[in-house]
């Protein structure tokens, strides 16, 4: 999941070198924390949160095979 979020985020932002992704795995869930440069925050969230929602949807779809719940947090 970490690699997927990182690839998507780096494609969206102006400063891809400042993209940091941290993954914490539990029994039934995975928490993915995405950190980007302050100038790129709007590009990752999008208007009315549409891009953030799309990122979460893609990650949840790919996690369905693992039978785990994925939470994507944008910090």
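The values are calculated or read from the model by the stated rules, or taken from the named source; none is laboratory data. Computed from a prediction, not measured in an experiment: that's the story for all the values here. Glycine also receives a Cβ, built like all others from the backbone with ideal geometry; neighbour counts cover every protein chain displayed.
A few points about this structure:
- Residue check for residue 39: free of Cβ contacts under 8 Å to residues at least 24 places away in the same chain and assigned to a helix (DSSP H, G or I): no
- Where residue 7 falls short, out of the listed (1) at pLDDT 90 or above; (2) loosely packed, with under 14 Cβ neighbours inside 10 Å; (3) out of contact with any helix residue (DSSP H, G or I) (no Cβ under 9 Å at 6 or more places or on another chain); (4) not in a helix (DSSP H, G or I): (4)
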